[in-house]
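What follows is a single structure, written as structure tokens, with notes after it.
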Amino acid sequence: MESVGIDAIEIRPGKLRLDLAETFAPALDEAPEKYTEGLGLYASSFPDIHEDIVTMGANAAHRLMERKDLEPADIGRIDVATESAFDNSKPVSTYVAGCLEQVFAGDFHHANKGERKFACISGTQSLDDAYNWIKAGRSRGRAALVIATDTALYARGDAGEATQGAGAVAMLIDEEPAVVEMSQAQGYGSADETDFLKPNQQFPSVDGKRSVQVYLARMREALEDYEGVAGDTHPDDFRYIPFHTPFPGMVRKAALLGYRHVARGTDVEDGLAARIGRQPRRDDFDDEAAYEGAVREHMDALSGTDEYRDWFGRTIEPTLDVARHVGNWYTGSVHIARASALRRAREEGFDAAGERLLVGSYGSGAQAEIHAETVQEGWNEEIEALNLGDQLAARYDMSFAEYEQVHDAHNHAVETEIEGFTEPDGEFVFDGRGPMDERTYRFV
Ligand code: CAA
């Protein structure tokens, strides 16, 4: 069977921007460094009044289809991954298809549509579904459209408010892909957890500190499971490691644990042994507390070594460039991290073709998944075609008072009448509600 993976990517951020250090932190009487250094975030993206998960997803898909010269008949499957859905029955993909049918000749009547839910990991699960559908020989030569779209808003005053964001990533999954080929091998770490959930409510209930621990525990399980099928990993096996990035500080924690794991028993551990000692092994300790104390001490020392810092700068830092300026996009977050790394490769004139990525996805509730990808020859052209930098630069910068209005406007429980901050042009917009309370959209 041919190789299968991501053939094209489009990214659509919400058109508003909240500066966390300059605008949000002072309003909350907090130090800006909590954001820029602690969480690793400078700004969040927000949807304007006429934007929502459908418009952001449809606008990303529209540009992708135009750029790749596709028509609806070329698409056999549309899956939307989201944790911001507004309907328990009708999937967002039907709304997106309806939007696209307004501007393309033909229709998606013979495309299978669905909506995937498992917190932030459902974007990657939708890629999996598309990969399996193609590998099973059911695609009839057509490609799959996967759209990860979210408005990641928290209740006002929740600690998670610092990590908000909104945007969509549209990906075309096909045979002989231009951007990355996905590996058959994958690893899972999955357990019944209550770290972050939305039991029929718009804004999440979050146990923030616990969610960080659950992310790390499931990610470690997934890595061990991945190694069980793909073999042991080494720090130099992967050029970039895009992680689910709720905020870059989270990835900083995951990366250090990951490095310790993949360096164990390798020449890297041998090289570090004279300076920081070998990694503590459980069997060498009488009790758990002493072992954990030794691990913490070792991790502190490891994080300060040139080896770790160089590896982090090369392998992880490039994946965080975009997240720092847009916040958490839930289902889209790990897919932004991949694109971010490839954007950096392009900026640095690095030829990434043939390089391998290790992709670490995570969804609360909770599950982590790890798979590898191989960068394909067409990556550079695809990344060059992204207009993400222009879109980010064009965002409207909100004052704190405007942010409060925008948060209210997207809050399903609050009635507001405010004007948008940007002028829609050549895009799908939310147009109100129809007789069955369905949301309606038009292209302007
Ligand atoms: N200068 C430098 N650093 C500072 C600082 C300052 N003045 N003030 C604080 N910091 C640092 C803190 O030390 C901390 O870093 P470490 O964890 O490395 O010590 C960091 O900034 C954050 O500070 P706090 O822990 O005090 O922040 P908080 O209590 O307000 O909340 C949070 C942090 C719990 C992550 C919160 O933002 C939250 O609940 N977020 C939503 C949940 C989330 O994103 N969880 C991530 C895992 S779950 C997941 O990934 C799924 C998903 O997408 C939601």
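Quick notes
- Lone unmet requirement of (1) under 24 Å from Thr55 (Cβ atoms); (2) not in a loop (DSSP other than H, G, I, E, B) for Asn88: (2)
- Which numbered condition Gln391 fails, given (1) open to solvent by 20 Å² or more (accessible area, probe 1.4 Å); (2) in contact with a Lys or Arg (Cβ under 8 Å, 6 or more places away or on another chain); (3) part of a loop (DSSP other than H, G, I, E, B): (3)
- Residue in the stretch 199-223 that is nearest to the ligand (Cβ to nearest atom), counting only those that are basic (Lys, Arg) and crowded, with 16+ Cβ neighbours inside 10 Å: Arg218
- For the stretch 167-198, taking the residues that are within 13 Å of the ligand (Cβ to nearest atom) and touching a Ser or Thr at 6+ places or on another chain (Cβ under 8 Å), the one that is most open to solvent (accessible area, probe 1.4 Å) is identified as Leu197.
- Search result, residues across the stretch 102-122 that are part of a helix (DSSP H, G or I), of a type outside the set (A, V, I, L, M, F, W, C) and open to solvent by less than 60 Å² (accessible area, probe 1.4 Å): Ser122
- For the stretch 27-41, the tally of residues that are more than 7 Å from the ligand (Cβ to nearest atom), open to solvent by less than 40 Å² (accessible area, probe 1.4 Å) and either in contact (Cβ under 8 Å) with a residue 40 or more places away in the chain or not in a helix (DSSP H, G or I) (or both) stands at 3.
- Some residue of the stretch 352-375 being open to solvent by less than 10 Å² (accessible area, probe 1.4 Å), assigned to a helix (DSSP H, G or I) and farther than 13 Å from Tyr215 by Cβ: no
- Only one entry in Gly40, Gly14, Gly57, Gly76 is among the small types (Gly, Ala, Ser) and more than 17 Å from the chain's Cα centre (by Cα), namely Gly76.
- Candidates are the residues of the stretch 17-26 that are within 12 Å of the ligand (Cβ to nearest atom) and within 22 Å of Ala337 (Cβ to Cβ); the one that is most open to solvent (accessible area, probe 1.4 Å) is Ala21.
- Some residue of the stretch 42-57 being within 14 Å of the ligand (Cβ to nearest atom), open to solvent by 10 Å² or more (accessible area, probe 1.4 Å) and touching a residue at least 24 places away in the same chain (Cβ under 8 Å): yes
Here is a yes/no grid of residues against (1) modelled with pLDDT of 95 or more; (2) within 17 Å of His371 (Cβ to Cβ); (3) surrounded by 19 or more Cβ atoms within 10 Å (Cβ to Cβ):
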| site | (1), (2), (3) |
| --- | --- |
| Thr319 | yes, yes, yes |
| Arg324 | yes, no, yes |
| Thr331 | yes, yes, yes |
| Ala339 | yes, yes, yes |
| Arg344 | yes, no, yes |
| Gly349 | yes, no, no |
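- Test: residue in the stretch 67-83 that is in a loop (DSSP other than H, G, I, E, B), within 16 Å of the ligand (Cβ to nearest atom), open to solvent by less than 10 Å² (accessible area, probe 1.4 Å) and under 30 Å from Tyr403 (Cα atoms): yes
- For the stretch 224-257, the set of residues classified as closer than 22 Å to Phe350 by Cβ and within 16 Å of the ligand (Cβ to nearest atom) consists of Ile241, Pro242, Phe243, Thr245, Pro248, Val251, Ala255, listed by residue number.
The values are calculated or read from the model by the stated rules, or taken from the named source; none is laboratory data. For clarity, every value in this text was computed on a predicted model and none was experimentally measured. As a convention, Cβ positions derive from the backbone with ideal geometry for all residues, glycine included, and neighbour counts pool all protein chains shown. Accessible surface areas use protein heavy atoms only, side chains included; no ligands, DNA or RNA. Shrake-Rupley method; radii C 1.70, N 1.55, O 1.52, S 1.80 Å.
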